[in-house]
1. Residues with beta-carbon under 14 Å from that of Val243, excluding Val243: net charge, scoring Lys, Arg +1 and Asp, Glu -1?
2. Which of the peptides 406-418, 252-264, 166-178, 120-132 is most tightly packed, and how do the rest follow, going by the mean number of other Cβ atoms within 10 Å of each residue?
3. Quick one: ranking Phe152, Phe272 by accessible area, 1.4 Å probe, largest first, what do you get?
4. Non-local amide H neighbours of Ile219 (under 5 Å, H modeled in plane, Pro and chain starts lacking H): which ones?
5. What shape does segment 354-437 take by its C-alpha gyration tensor, where a ≥ b ≥ c are the square roots of the eigenvalues and a/c under 1.5 counts as rounded, a/b above b/c as prolate, and the rest as oblate?
6. Please list the non-local residues whose amide H lies under 5 Å from the amide H of Leu307, H modeled 1.01 Å from N, same-chain partners needing a gap of 5 or more.
7. Please list, in order along segment 415-428, the HN-Hα scalar couplings obtained from phi with the Karplus expression 6.51 cos²θ - 1.76 cosθ + 1.60 (θ = phi - 60°), rounded to whole Hz, x for Gly and Pro.
8. With a 1.4 Å probe and all protein chains kept in place, how much accessible area does Asp358 have, in Å² rounded to the nearest 10?
Amino acid sequence: MSSIIICDLGVSNANNNDNNNNNNDDEDNFPVPTIYRCRAPIASLDCMEEFSGAEHAGGAGGAGAAPPTKEQLLTGQLTAAGAPGGQALGPGALASRQSSVTPGLRYRNLGKSGLRVSNVGLGTWVTFAGGVSEEQAEEVVRLAYDSGINVFDLSEAHSGPRAELELGRILQRRAWKRASYIVTTKVYWNTKSDERGLSRKHLIESVKASLARLQLGYIDVVIVHKADPMCPMEEVVRAMNHVICMGWAMYWGTARWSPVEVMEAYTNCRQFNCVTPICEQAEYHMFCREKTELYMPELYNKIGVGLMAWSPLTMGLVSGRLEDGMPLFSRSSFKNKYSSFSWTEDETANKEQDKLRDIAQLAEKLGCSVAQLAIAWGLKNESVQCLLLGAATVDQLYESIQSLQLVPKLNSSTMSELERILDNKPTRPPMVSTLALR
């Protein structure tokens, strides 16, 4: 007897069963094949997330169910659509239904590693800065976690050791499952500090000190902040490989490294059989685009280095409003990272301010703030696997999270209008043939 395997796409087979019952007379003449039905696989994880979101929307809550409000996220009073009596979901259940809590939140692999990160993360540079109480900072961290954000980024350059101490205490009090969040911290150095450079001694001591302050068994991603031209790259990659082999960290990455330096680190890792970096943390916004848009996609495709992006506006480091002629960005934000000093710097900054006013008018037409438009614009770039958000208050973080719903509204016409206003799309310089110069 022959066998046939077909895929079940969810179509009702009632008609087929009736036809089989009506054709019993033909069974003696023709052998009936045995049919095995299997469920057709879904091609990608993104499709699975879309289907799960559609099923949740079409469930007991109804397709027109409104997204949760800020008060519901803060108090944890979201009710389960399928739960008897509409009982409230606790923090644990809320974390298990992250895709239904925040519309637009997605999870992507960081680089070509297996580490899944939310497309937006909480950069705690502002949260644990001076002037923010520990109770207020804990509310911001709690809102981020309950909203489905699983990345918490720390920076000693902005908030010092206080950030690791306070986040460690918050994680201990909340007692969240360790597998449900990702902590990234930096090994920072500067020429004015006692701990200079990226020597093996400094790297290992910094990681062990961060573990003690965070009160964690390991750090998910240790990021090396700035390359050290005075330290051999072999020493850096061997030290980071030792940190990972000892179990103090799971992965390592870089921040503010040039594409050439990232490639050099990768080459040394392959040469000495060390763990390669999985991400580069870079500044990316409407006026700083060259590195992210020209070189990071190439690094991802060739060596698997992903991108965590931040900007002064999304991190809350500058004002998001045009008040009394004050700029949205500082003048240093307009500088090209790869250009030298120019006498026309003041003139360029004035032109950028005019562009910001046009962007503010476009944001008003879209019904959002400039900060929300900046976040949505950054998420439209597929090279950005995780965009870091900063917030000193709960209201500020809630407003930033709402920008996820703005991403689908940025259609081709809106993006073309933004490109027309910015007029700074980076392009590679033309290739010059040495033969033609002879």
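1. Local charge sum for Val243: +2.
2. 120-132, 252-264, 166-178, 406-418
3. My answer, sorted largest first, is Phe272, Phe152.
4. Close amide H contacts, sequence-distant or interchain: Ala249, Met250.
5. It comes out prolate by the Cα gyration axes.
6. Distant-sequence amide H within range of Leu307: Gly111, Glu280, Gln385, Cys386.
7. Once rounded to whole Hz, the list reads 5, 5, 5, 5, 5, 5, 5, 6, 6, 9, 4, x, 9, 6.
8. Accessible surface of Asp358 is approximately 70 Å².
The values are calculated or read from the model by the stated rules, or taken from the named source; none is laboratory data. Keep in mind the model is a prediction, meaning the values are calculated, not measured. Because the Cβ atoms are built from the backbone with ideal geometry, glycine has one as well, and the counts that use them run over all protein chains shown. With ligands, DNA and RNA removed, areas are computed over all heavy atoms of the protein, side chains included. Shrake-Rupley method; radii C 1.70, N 1.55, O 1.52, S 1.80 Å.
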